[in-house]
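Worksheet for the structure shown next.
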Amino acid sequence: MNDFKLKLILSVLGAVVFSLLFILLAFALPLDHKKIFKKKPTGRLEKISHSVNK
């Protein structure tokens, strides 16, 4: 019975640590969409397509 309790406690602690890790990563990693590289249109068709997408 002691083995079962120990495994249960360790699995719960592992789940808590794992979830906290993902929560910290969600706050630590930036979500800046302005830094995404966009290719500037060079040809006529690319310029038309770019203006239609806006």
> In debye, nearest 20: dipole of the chain around its Cα centre with unit charges on the Cβ of K, R (+) and D, E (-)?
Replying inline: 600 debye
>> As I understand it, the value is the acute angle between the Cα axis of helix 44-53 and the longest principal axis of the Cα atoms of the chain; what does it come to in degrees, rounded to 10?
In response: 50 degrees
> How far is helix 2-28 tilted off the main Cα axis of the chain, in degrees rounded to 10, range 0 to 90?
Replying inline: 20 degrees
>> In Å², and per residue, what accessible area does the chain have when probed at 1.4 Å with the other protein chains present?
In response: 108 Å²
> Just going by the charge dipole of the chain, with Lys and Arg at +1 and Asp and Glu at -1 on Cβ, which of L20, L6, I48 is farthest out on the positive end?
Replying inline: I48
> Per residue of the chain, what 222 nm ellipticity follows from adding -39500 (n - 2.57) for every DSSP H run with n ≥ 4, rounded to the nearest 500?
Replying inline: -23500 deg cm²/dmol
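The values are calculated or read from the model by the stated rules, or taken from the named source; none is laboratory data. The shown structure was predicted, so the numbers you read here are calculated from the model rather than taken from an experiment. As a convention, Cβ positions derive from the backbone with ideal geometry for all residues, glycine included, and neighbour counts pool all protein chains shown. Surface accessibility is based on the protein's heavy atoms, side chains included, excluding ligands, DNA and RNA. Shrake-Rupley method; radii C 1.70, N 1.55, O 1.52, S 1.80 Å.
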